[in-house]
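The values are calculated or read from the model by the stated rules, or taken from the named source; none is laboratory data. Not measured: the values here are computed from a predicted model. Positions of Cβ are backbone-derived with ideal geometry, glycine not excepted, and every protein chain shown enters the neighbour counts. With ligands, DNA and RNA removed, areas are computed over all heavy atoms of the protein, side chains included. Shrake-Rupley method; radii C 1.70, N 1.55, O 1.52, S 1.80 Å.
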Amino acid sequence: MKDAFGLPQSLLVLGGTSEIALATARRLVARRTRTVWLAGRPSPALEAAASQLRALGADVHTVAFDALDPRSHETVLGKVFSEGDIDMVLLAFGILGDQAQDEREPVAAVRVAQTNYTGAVSAGLVSARALQSQGHGSLVVLSSVAGERARRANFIYGSSKAGLDAFAQGLGDALHGTGVHVMVVRPGFVRSKMTAGLEEAPLATTPEAVATAIELGLRRRSETVWVPGALRVVMSALRHVPRAVFRRLPI
């Protein structure tokens, strides 16, 4: 069960090699999280992540999970929940894609959409039902400010995150009053392996900063978390910029 400050004793990470997810797991383990499940495609990176968290004192398990195989989600995640209550599920998988290439190759664009949105819908619903059956828990969904308004530079990725964000908000409304808390996290540009080589956007942040914001959001039982917080004001303004002007902005 979570403590009086809303922090979990047990954590399930969907996307077990995500840098943001692992920074969050490290931070929570340093507080009070004792059991961690890392779900992802079997790989040396997944095992290395598990070893890193074990070295911090956590009881860590890995489980084979593929976002692109939604038919397996109920079975795979059901086995995790059958081992005991999960206080927090962190939905952290996703791919950035290559906008220029994906525009030329629709199959590649569909893979971005299926990973970031379709896979998340499946895993999110399965996790939500399990948390609701427990009667408690938090589902934390890593969205992105890219989903707030589609930009020419990354509208394929942005559209997938827009769908994910809307889904997570609706799921939170559906679960209101059930004991299950849904929190949507909207980071800006995060310095990570996924963004290596890309031009850094203003108000760039780090996985560790996102992890800090997630912890604070859990303590406050926030429904939406912006990282950094200033992006809330920036995106509120950008949403209302006329489209003809928005097209010409250097963003």
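Structure data summary
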item	result
Any chance Arg151 is more than 14 Å from the chain's Cα centre (by Cα) and in contact (Cβ under 8 Å) with a residue 40 or more places away in the chain	yes
Residue within segment 98-115 that is crowded, with 16+ Cβ neighbours inside 10 Å, closer than 27 Å to Ser236 by Cα, charged (D, E, K, R) and within 17 Å of the chain's Cα centre (by Cα) present	no
Hits in segment 4-42 - residues which are of a type in the set (Val, Ile, Thr) and surrounded by fewer than 24 Cβ atoms within 10 Å (Cβ to Cβ)	Thr17, Val29, Thr35
Given (1) more than 15 Å from the chain's Cα centre (by Cα); (2) without any contact (Cβ under 8 Å) to a residue 60 or more places away in the chain; (3) not in a helix (DSSP H, G or I), index of the condition Glu47 fails	(3)
Count - residues of segment 69-94 that are surrounded by fewer than 17 Cβ atoms within 10 Å (Cβ to Cβ) and of a type in the set (Val, Ile, Thr)	1
Lone qualifier among Met194, Met235 - being more than 26 Å from Ser122 (Cα to Cα) and surrounded by fewer than 20 Cβ atoms within 10 Å (Cβ to Cβ)	Met235
First in segment 75-100 and farther than 12 Å from Phe65 by Cα, second anywhere and surrounded by fewer than 17 Cβ atoms within 10 Å (Cβ to Cβ) and of a type in the set (A, V, I, L, M), Cβ under 8 Å, 6 or more apart	Asp85/Met1; Asp87/Met1; Ile95/Met194; Leu96/Met194; Gly97/Ala108; Asp98/Ala108; Gln99/Ala153
Counted residues, segment 172-219 - those being among the hydroxyl-bearing types (Ser, Thr, Tyr) and over 18 Å from Ala25 (Cα atoms)	2
Pick from segment 127-142, criterion assigned to a helix (DSSP H, G or I) and not hydroxyl-bearing (Ser, Thr, Tyr), ranking: surrounded by the most Cβ atoms within 10 Å (Cβ to Cβ)	Leu131
Residue list for segment 43-57, filter: open to solvent by 10 Å² or more (accessible area, probe 1.4 Å) and either in contact with a helix residue (DSSP H, G or I) (Cβ under 7 Å, 6 or more places away or on another chain) or closer than 30 Å to Ala113 by Cα (or both)	Ser43, Pro44, Ala45, Glu47, Ala48, Leu56, Gly57
Positions within segment 210-221 being within 18 Å of Leu139 (Cβ to Cβ) and open to solvent by 30 Å² or more (accessible area, probe 1.4 Å), in sequence order	Leu216, Arg219, Arg220, Arg221
Whichever residue in segment 168-191 is open to solvent by less than 20 Å² (accessible area, probe 1.4 Å), closer than 16 Å to Val145 by Cα and among the hydrophobic types (A, V, I, L, M, F, W, C) and, among such residues, is modelled with the lowest pLDDT	Val190
